[in-house]
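The values are calculated or read from the model by the stated rules, or taken from the named source; none is laboratory data. What you see is a predicted model, and the numbers here were worked out from it, not measured in a lab. Using ideal geometry, Cβ is built from the backbone for each residue, glycine included, and neighbour counts are taken over all protein chains shown. Heavy atoms of the whole protein, side chains included, go into the accessibility calculation; ligands, DNA and RNA do not. Shrake-Rupley method; radii C 1.70, N 1.55, O 1.52, S 1.80 Å.
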Amino acid sequence: QVQLVESGGGLVQAGDSLRLSCTASVRTFSAYTLAWFRQAPGKERDFVAAVNWSKNTDYTNSVKGRFTISRDYVKNTVYLEMNSLNPVDTALYSCAAKSGDPWRDASGYLSWGLGARVTVSS
């Protein structure tokens, strides 16, 4: 079981940037695909981005060119750098870990953090 703890959420204005971090408590961090999902108020949880062991990445279309996912094997941490934020990005952002594919299906992730809330004001 992988324990995940997110940090870095907050209240920002439209156009601002924010970086989320997710630290994993696991010895075999490199074996996992790490992903960010988000859930806006009253909506379903959606895939945002993922990075696998070889640092291949995938993004949902709405964040391509604005968000960057990365991972640090020394710190056992995955990051989500978010730029040009707008109010539609307001959500609870959760980090998740799994082995293997597929990346975009939330049901395949066995480990989840509690989430970091991001609020973007207009």
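Numbers for the structure displayed
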item: For the chain, convex hull volume per residue from C-alpha positions, Å³; result: 92
item: Environment charge of Ser111, counting only residues whose C-beta is closer than 13 Å and scoring Lys/Arg +1, Asp/Glu -1; result: 0
item: Accessible area (Å², per residue) of the stretch 42-122, counting only protein heavy atoms and a probe of 1.4 Å; result: 53
item: Under-5 Å amide H pairs with Asp58, H placed in peptide plane, nonlocal only; result: Ala50
item: Gain in span if fully extended, Ser54 to Thr28, counting 0.36 nm per residue against the direct Cα distance; result: 8.0 nm
item: Ranked packing of 74-82, 99-107, most packed first, by mean Cβ within 10 Å; result: 74-82, 99-107
item: Two-site FRET efficiency, Arg45 against Arg66, from Cβ-Cβ distance with R₀ of 30 Å, rounded to 0.05; result: 0.95
item: Among Arg45, Arg27, Arg66, residue whose mean-square fluctuation peaks in a GNM of the chain (springs only between Cα atoms under 10 Å); result: Arg27
item: Accessible-area composition of the chain, carbon plus sulfur, in percent [1.4 Å probe]; result: 48
